[in-house]
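Bear in mind these aren't lab numbers, they're just calculated from the coordinates by the rules spelled out. Note that the structure is a prediction, hence the values are computed from the model and not measured. Heads up, the Cβs are rebuilt from the backbone with ideal geometry, glycines too, and the neighbour counts pull from every protein chain shown.
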Amino acid sequence: MITQVLDLLRCPVCGQRFASAITANPQATSIACVSQHHFDIAKQGFVTLLRSQRNSEQIGDTADMVERRIAWLEAGYYDAIAAAVSKPILNLLRTDTSGLTVGDLGAGPGYYAGFLAREAKSNGVPIRIIALDNSLYAARRAAKVDPNVASVRGDTWDELPFADAALDVVIVIFAPMNLTEIARVLKPGGTLIVVTPEADHLATLRAAVPMLNIPEAKSERLAEAALGHFSLDNKQTITTQTEISPNSAANVILMGPSALHLTEVTLLEVLSQRPTCTLDIAVTINEFKKL
Ligand SMILES: C[S@@+](CC[C@H](N)C(=O)[O-])C[C@H]1O[C@@H](n2cnc3c(N)ncnc32)[C@H](O)[C@@H]1O
Ligand SMILES: [Zn+2]
């Protein structure tokens, strides 16, 4: 819920904090910064803190991509990733029982944020998570995943709508990011977890249908870019292979950027010629500490 994370946010217009008095009112329909810039809380519960509102319905993932991502993630195909991302955060929670503040950047429909919130709850430890995404459709869904997840529309390339040193942890799963801004909003010693695809992620599906390529050595390039702000603490690559149905394969392809140049009809024509499709998962969980 937005009203529970006001102390972590900052105004995208003037950069100042949000007035704490409103925090006391869980029924608030808008929030205001100390300079009286007001932002409506949408009826679904998210708030838009984009600096430019131009074409704001057309940015980020489309409604169809978001629904396919939910169907894919709820089927559990990426739960090994969700567990690997949550583990170091739960370890932090065990050592710091006062509760953690987490930003999930490019959070999509908030599946990983919800997963983490439930894990924290079942371990009896407090957590506050902000799911940030520029897509209207993703923000609507993320607002509903868990009472401890607040949904904010914002741009992860731009200045983040978070106060300086507000967060203990930032997670970025297959999403764009601005490392300088992440360093600003993390506390000293804070944790950054980035999930990057390896070049052979979804390799068999890529061989069957024309999908966008994954740049080589993504995690190595990330480690280089992070130098100066972060130290690499841990790195783990998950690789698995499973058979999935053509419909599930269509979901994993069309929930990503290849959706913009492929149609479901062409895709199912190719995929339905085979009884099952091979899903190769090859991703790296990169864990950094802020210097
Ligand atoms: C590949 S999806 C990953 C979503 C989520 N992390 C997951 O793995 O389920 C990338 C997400 O980043 C969002 N996105 C793309 N560009 C963005 C930007 N500049 N600012 C914020 N979000 C962005 C998209 O709307 C989409 O939800
Ligand atoms: Zn302001």
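Using the Karplus relation 6.51 cos²θ - 1.76 cosθ + 1.60 with θ = phi - 60°, the per-residue 3J(HN,Hα) values for the range 282-290 come to 8, 9, 10, 9, 9, 10, 10, 10, 6 Hz, with x marking Gly and Pro.
Which of the pairs LYS43/LYS87; LYS235/LYS290; LYS87/LYS187; LYS87/LYS289; LYS43/LYS121; LYS87/LYS235 have their Cα atoms more than 24 Å apart in this structure? Beyond 24 Å between Cα atoms: LYS43/LYS87; LYS43/LYS121.
In terms of packing, defined here as the mean over residues of other Cβ atoms within 10 angstrom, the peptides 195-202, 165-172, 5-12 line up highest first as 165-172, 5-12, 195-202.
Between GLN44 and ASN234, the simple spin-label model (points 7 angstrom out along Cα→Cβ) gives 3.3 nm.
Taken as entire DSSP H runs, the helices of the chain that both span 15 Å or more between Cα atoms along their own long axis and average -0.5 or more on the Kyte-Doolittle scale are 63-74, 79-95, 111-122. Put simply, the C-alpha atoms of the range 27-165 give a gyration tensor, and the ellipsoid matching it has half-axes of 25, 20, 13 Å, longest first. Compactness check for the range 2-290: Cα Rg over 2.2 N^0.38 Å is 1.00. For the chain, the relative contact order works out to 18 percent when only alpha carbon pairs closer than 8 Å and six or more residues apart are counted.
Once the chain from LYS121 to ASP96 is taken as fully extended at 0.36 nm per residue, the excess over their C-alpha distance is 7.5 nm. According to the Kirkwood relation over distinct C-alpha pairs, the hydrodynamic radius of the range 79-141 is 12.0 Å. Gain in length, ALA165 to GLU243, computed as 0.36 nm per residue apart minus the alpha-carbon separation, to one decimal in nm? 23.7 nm is the gain from fully extending ALA165 to GLU243.
For the pair ARG221 and ASP7 in one chain, pulling the backbone fully straight at 0.36 nm per residue adds 73.7 nm over the alpha carbon distance. Our helix-only sum for the chain, with -39,500 (n - 2.57) per DSSP H run of n ≥ 4 divided by its residues, gives a mean residue ellipticity at 222 nm of -8500 deg cm²/dmol. May I ask you to list the residues of the range 41-78 whose amide nitrogen lies under 15 Å from a point 7 Å from Cα along the Cα→beta-carbon direction of ALA19? In the range 41-78, the label zone of ALA19 (backbone N under 15 Å from the point 7 Å along Cα→Cβ) covers 41. Summing charges over neighbours of PRO147, with a neighbour being any other residue whose Cβ is under 12 Å away from its Cβ, gives +3 when K and R count +1 and D and E count -1.
Taking Cβ separations below 4.7 Å as the criterion for a possible disulfide partner, the isolated cysteines in the chain are CYS14, CYS277. Backbone geometry of the range 141-154 corresponds, through the Karplus equation with coefficients 6.51, -1.76 and 1.60 at θ = phi - 60°, to 3J(HN,Hα) couplings of 6, 5, 5, 9, 6, 6, x, 8, 10, 9, 10, 10, 8, x Hz, x marking Gly and Pro.
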